Each structure stands twice: as C-alpha cells, then as structure tokens.
Amino acid sequence: MKVIKRDGRAVDYDREKIVAAIEKANDEVRPREKASKEEIKEILHYIEELDKKRMLVEDIQDIIEEKLMEHGKYELAKKYIVYRYTRALVRKQNTTDESILGLIKNQNKELATENSNKNAVLASTQRDYIAGEVSKDLTKRILLPEKISKAHEEGVLHFHDADYFLQPIFNCCLVNIKDMLENGTVMNGKLIESPKSFQVACTVTTQIIAAVASNQYGGQSVDLKHLGKYLRKSKDKFTKELKEAYEGKLPEDMIESIVEQRLKTELSAGVQTIQYQINTLMTTNGQSPFVTLFLNLDEDDEYIEENAMIIEEILKQRYKGIKNEKGVYVTPAFPKLIYVLYEHNCLKGGKYDYLTKLAVKCSSKRLYPDYISAKKMRENYEGNVFSPMGCRSFLSPWKDENGEYKFEGRFNQGVVSLNLPQIGIIADGDEEKFWKLLDERLELCYEALMCRHYALLGTKTDTSPIHWKYGAIARLESGETIDKLLKGGYSTISLGYIGLYEVTKLMKGVSHTTEEGEEFALKVMNYLRQATDRWKKETGIGFALYGTPAESLCYRFARIDKERFGIIKDVTDKGYYTNTYHVDVREKIDAFAKLKFESQFQKISSGGAISYIEIPNMRNNLKALEEIVKFIYDNIQYAEFNTKSDYCHVCGFDGEIIINENNEWECPQCGNKDHNKMNVTRRTCGYLGENFWNEGKTKEIKSRVLHL
C-alpha cells in the first residue's frame, strides 16, 4: 500500500510508524489507559485488511483515533490527537521555514515558477514572497476554518491568494480614472491636480496605476477613452499659442499643420510614457503593475476622434515592442490590451476598420490585444460595454442612487475555485451521488468566500488612501470603513471552476462537445450559476460565477487527483485539467466551431470568462486572423489568440529568431545557434493542420525542420 503524505508524496506503508506514534501517546497516560500490544496489532490489522492500494495519511490517523475510542482508551485517544496536532504545527512551521530558506537560496522551484511576471531572484520580489509565505502559513493554521484549509490541501477547492489573505486588501478593480483625472487625486500626501495636457495626463495615469498596484494583489483595468479629452486640451493649447504668436504672420493652413505636428509628437511621447513607465516601474509586490488598458472606441464618445488617434498610436508602439537589455525589441508582459469591436470597426466597411486591421497585425506578432464584442456584451450585460478587471473577471451591472449604471470604481473581493473533476471521480458515474456531493462542496466554497468577505469587513479607508479616499474606488472620509462597498452588489466575489470537460467525461463517458455531453455540461454550469445567484439574493453580496483563466490551478488540481486516485484515462493521465468550460486542446475542432461552442458558456459565467484559440505564427496570413475577428464580433463576447511564436530556451527570448549571414538560425538576444534549444514557428502559409511530408523527403525535412 502507498501512503499519500500531506505534501502529495506517495511513500510505502510502514506499520512501525503507527506503532511508534501510539507508543509515544502511551508514555503520557496512566497504565490502565495504555493500549496493549494486542490492541495495537488489532488496529494495524484493521488498516491492512482494508486492502487499499493508496491511503491518505489523514485517513489512517482518523482510523487510529476511532479504534482507540472503540477500545475505551479515551484519554489515550486524546493524547494521540494532541500529539497529531502538535506534529502538524511543527510540520507546518518547518514547511514554511524551508520554503522561505529555499527561496533565499534560489532553490524553491515552485515559488520561482508560480508567477511568470515575477523574478524570484530579485531582493524586492523575494521580500514579497517571504511575506506571502508567512501569510499562507498563518492563513492555513489560524485564519481559515480547519475544514476550509483541509479542503484546499486536498484539492477540493482552491482558496486563491492565501499569500495576501493576512492583509485587508482585495483582488482586482476597474480604476475610476475619469474621476481621478478630472477631480485630482492625492499620492504620498501630495495633491495631483487635473492635467492640462495629454502628456501630463499620461504621466499621472501611470503614477495612479503604480500606486493602485501596490495596494492590492490582483490586476487593474483603465479605460483609455478618458484620455481623449486631454489630447483635445493639448490641441487647443497648441492652437491658442500659435495663433497668439503667428496669426496674420503665417497662413492659417500652415498654423494648422504645425499644430498637427506638435500634437502627433505629444501623442507619441504620451503613449511611450505609458508603455515604458508601466514596464520599468516596480510595485511593492516586486513586479511591474498588472494592468490592462481598455481600447474602447465608444460610438457615443464626444472625443471619439482623439481616442482613435490614441488607440492607433498604442497599437503601433505595441507592434514595435520594447527593447530589452540586449537592444532587441521584445513583447512586454504589460500592459495587457483589450480592443472593443463595434459596428464601426468590425471589418465590415466601418469608418474605423483601419484600427482593427492594425490590431490584428499587432495580435499576429505580439499576442495582444484581446477582443471584446460590444454586440455580444450588450446582450449579456443589460446593454453595457465595459472592461473586465485586470484578472479578466467581470462586474455585475449595478446602478447608483440616480439610476445610472456604474462600473469604474468597483472591485472584486476575492476568488475561490471548485475542482469539478474530483467530484466526478468520487461519484464514479452515479448522478445522484454527484449532485449531492456538488451541493456539499458548493457549501464549502460559500463558506470560504464568506471568509474573504469577513476579512474585508471593518477595513478603514486609511489602509489604502489611493483606493478609498482619493478616487480609484471611492472618496470616503478618513477613518471610515469600506463596509458599504462590500454589500449590495457594488463589489463582486467570485466562484471559479476548473474541468468541465473532464467532469463530463467522467460522468457521461463523452466530451462536452457531444450532444449528450453538452446537455450535462450546461446543466452543471447552470447549477453553479444558480448557486451564486441564490447566495447573492440571500446575503446581498455580489456573488458571481467566474470562468477564471487560472492555468497553474489546472495543473495543481490534476496533480493532487492523480496522486490520490491514480491514473484515469482522459482525466488525470494528461497532467492537467481543462480550464473552466474550454474545449480540450486535443480535440479536433476548428477555431470558428470552438468559439461558437464556448460562447454559450460565457453567458452563464456572469462574473467573467475568456475563450482562446491556439494558432501558429500568422504574420504572413493576416486575412485569416481578420476573418476570426469578424467572427468574434458576431458570435462571442470575449476571445484572445495564443500565437505560437519563436522561443529561445537558453535565455527565454520570445520574439523572432533571425537567420544570420551564415544562413543559421540565431537568437538575437543571446546568440544561441543550437537548434535543439530553440523553437521556430512556421512562416510559409499559416497552415493550421498537422505537418505531412512527401515520401522520400524524410531525411531532408528532418535536417530543415526549423526552416518551416
């Protein structure tokens, strides 16, 4: 028999360890309370007679306690429980110590790869990680109910961001940048007045972004349509200055030409400020600000022409990239970009189609922007179009006291995600058992989410003035609590889920893309949605179902279940679970069918959802991407491309591998020429299917595989 330890390791069953633990408890009780050798043997016999291939160490300890009490050894059982609890405390303490020391020595691989946006070698990042490990330790041992901590450890659910639970800070938000720019704000005790020009507005925006990022743990989003006003201010300022100086001395058209030239210079400089400031700033959590820029060409915006100019410049600069330390242009991780498709720019002959063509060109090289269909979003959100928060979760519609919809200046309290495949594994095809177990685990998720909510109750505005006092979220008084913003649906709190494909496979034996599987998957999704709607109605708190893009969690849940339940075909054998409602990557389905199929699940995930399609390098086949973007506008709310790009395994360069003068592939960043240590994508036609070769060409193709 294999025993599954708390850290997930599988070790051989050793009866002597059980004997030693009981004997240690025996030493602390009166003679008549001691367990005899025969009674200890009986306990061992009972465990071994279960004839299980795998057992959790916690289950073995539970059996020992039960058997001791059956023998009337209540005092001994109590001592054993105390011994077990003490060992657990020591073990947790050692785990935290080892984790922190491993981080300092650059030996903690799990932390080093936990967040791709953080460099775990940097002192500033390590400082945040150390604080995070302490927070996780206290959260598991003291702050969370034991059953929630146990459920997290066993992969029943995932309590997100335990490394920040110790502090009264929240997940992600939509920054009310309009209010902060128009009415001013305060940072570090200094008043920042309303900008008088575009470039100053860009600088202030990046300062706000950095301050906000340092006082929350999730992403933030900024709608850039509010900058159009300041580009017009710059134009009016240049026009006034030039007319005062040269009216009557220079022709009117020449003055206009100079104004336009100065405006373009300011536009370029302002956008460059945003891009470089975001990528060079370091927040208190040891990374660049996790920020999304919402490229929203709202048809009702009085500054639509100025905003079209801003979006064009942002896309041009993103397409170009940012130089790294080697002077090579690379794709920056931030800011993330989301481009909104309206009737006037959805590539159907609209006035702003040229911007969408530029966006597609940018996507083909730099992955971003993602795309939101205003048409589909209005169907799902009561006619509104707004940005997801930085973590891609969406707010629910909410109206202020004047009956006006409000989205900016709102936030998410936290996330707990449910492991759907584990329920399917335990239910083993029994639907009655499945729904009963789902109810029990949803109740656990609810309790865990309420822990998030209660942790924020009573938070004073002074803990983060930029959020609560100076406009990013609200303008409350000093010393006031934020409680009213936690209730009434103003902020959301999210139930995530992983593995709809796998749970359908387990319960129905088919993929959720089949007719039978789809019916079951939709039933599960609607059941989850009904649960969050019920919680919202009962509590007045903004519960929402969230299709979280938590890629690392897909691997964590799968690893835990593989260790606990063994290898299960099409479930744990893959090493990952499929994210949320997504189609499994191994299924043969074209991009259009995938997006169309997944769109029905996005509507149910009211708290946010994103679909994506894997495509090869498509820089020479933009027409294909344009067709997909057109399809997105008519069929799905939110989608992104995952473009397979060149990659160097030596230095991590993610750009375009060059061909040098010797006709060799060479990494422009580190000079690596070893074909086995780089990926080079197909560049000929953008064909989306599998490779195939003519007979007799095997040797030639193998030697030229990188030249595809």
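Some notes on this structure:
- Total formal charge among the other residues, if their Cβ is under 12 angstrom from that of residue 202, Lys/Arg +1 and Asp/Glu -1: -2
- Surface calculation, 1.4 Å probe, protein heavy atoms: residue 225 sits at approximately 50 Å² accessible.
- Residue 217 sits among other residues whose Cβ lies under 11 Å from its own Cβ, and their net charge, with Lys and Arg +1 and Asp and Glu -1, is -3.
- Close amide-amide hydrogen proximity is noted between residue 414 and 171, 494, each under 5 Å apart and 5 or more residues distant or on a separate chain (H modeled in the peptide plane; Pro and chain starts excluded).
- Two numbers describe the Cα atoms of segment 533-603: Rg and Dmax, which are 15.7, 43 Å.
- Largest-first ordering by accessible area, 1.4 Å probe, given options 366, 9, 378: 9, 378, 366
- Karplus-derived 3J(HN,Hα), 6.51/-1.76/1.60, for each residue of segment 428-441, Hz, glycine and proline x: 6, x, 8, 5, 4, 5, 4, 5, 5, 5, 4, 4, 4, 6
- Residues with amide H under 5 Å from that of residue 638, placed H, sequence gap 5 or more: 373, 611
- DSSP finds beta bridges in the chain, and of those with both partners inside it, around 40 percent are antiparallel.
- Each label was represented as a point 7 Å from its Cα along the Cα-to-Cβ direction; for residue 382 and residue 153 these points are 4.3 nm apart.
- Over all directions, the projected convex hull of the C-alpha atoms in segment 498-543 averages 3.4 nm² in area.
- Heavy-atom SASA rank of 467, 226 (probe 1.4 Å, accessible area, largest first): 226, 467
- Expressed per residue, the C-alpha convex hull volume of the chain stands at 208 Å³.
- Overall form of segment 250-375 per C-alpha gyration tensor (a/c, 1.5; a/b vs b/c): oblate
- Cα shape, segment 444-574, gyration tensor, a/c 1.5 rule: prolate
- Surface share of carbon and sulfur [accessible, 1.4 angstrom probe, percent] for segment 478-599: 51 percent
- In a simple Cβ point-charge model (Lys, Arg +1; Asp, Glu -1; nothing else charged), the chain has a dipole of about 1160 debye relative to its Cα centre.
- Calculated FRET efficiency for the pair residue 323/residue 182, C-beta based, R₀ 30 Å, to 0.05: 0.30
- Potential lengthening between residue 299 and residue 81 on full extension [0.36 nm per residue; Cα-Cα distance subtracted]: 71.8 nm
- Normalised per residue, the accessible area of segment 381-465 is 36 Å², obtained with a 1.4 Å probe and no contribution from ligands, DNA or RNA.
- Taking each DSSP H run with n ≥ 4 as -39500 (n - 2.57) and averaging over every residue of the chain yields -15000 deg cm²/dmol at 222 nm.
- Which of 611, 288 is most accessible, then next, and so on - probe 1.4 Å: 288, 611
- Kirkwood Rh and Cα Rg combined as Rg over Rh, evaluated for segment 336-448: 1.13
- Here the label points at residue 141 and residue 401, each 7 Å from Cα along the C-beta direction, are separated by 4.7 nm in the simple model.
- Per-residue 3J(HN,Hα) values for segment 10-21, derived from phi via the Karplus relation 6.51 cos²θ - 1.76 cosθ + 1.60 with θ = phi - 60°, read 9, 10, 5, 4, 10, 5, 5, 5, 5, 4, 4, 5 Hz in sequence order (x marks Gly and Pro).
- With only the Cα atoms considered, segment 264-337 has a convex hull volume of 102 Å³ per residue.
- Cut-off 14 Å between beta-carbons: net charge of the residues surrounding residue 562, Lys and Arg +1, Asp and Glu -1: +3
- One compactness figure for segment 366-505 is 1.31, namely its Cα radius of gyration divided by 2.2 N^0.38 Å.
- Taken about its Cα centre, segment 237-373 carries a charge dipole of roughly 1020 debye when the Cβ of each Lys and Arg holds +1 and the Cβ of each Asp and Glu holds -1.
- Set the Cα radius of gyration of segment 122-247 against 2.2 N^0.38 Å, with N its number of residues, and you get 1.59.
- For segment 54-60, the Karplus equation 6.51 cos²θ - 1.76 cosθ + 1.60, evaluated at θ = phi - 60°, returns couplings of 9, 9, 6, 4, 5, 5, 4 Hz by residue, with Gly and Pro reported as x.
- Positive dipole terminus of the chain, leading residue within 641, 297, 500 (C-beta point charges): 641
- Over segment 184-259, the hull volume per residue, using the convex hull of the C-alpha atoms, is 92 Å³.
- Simple spin-label estimate for residue 477 and residue 523 in nanometres, 7 Å along Cα-Cβ: 5.5 nm
The values are calculated or read from the model by the stated rules, or taken from the named source; none is laboratory data. Owing to the predicted nature of the structure, the values given are computational and were not obtained by experimental measurement. Cβ sites come from the backbone with ideal geometry, for glycine too, and all protein chains shown count toward neighbours. These accessible areas exclude ligands, DNA and RNA; they are computed on the full protein's heavy atoms, side chains included. Shrake-Rupley method; radii C 1.70, N 1.55, O 1.52, S 1.80 Å.
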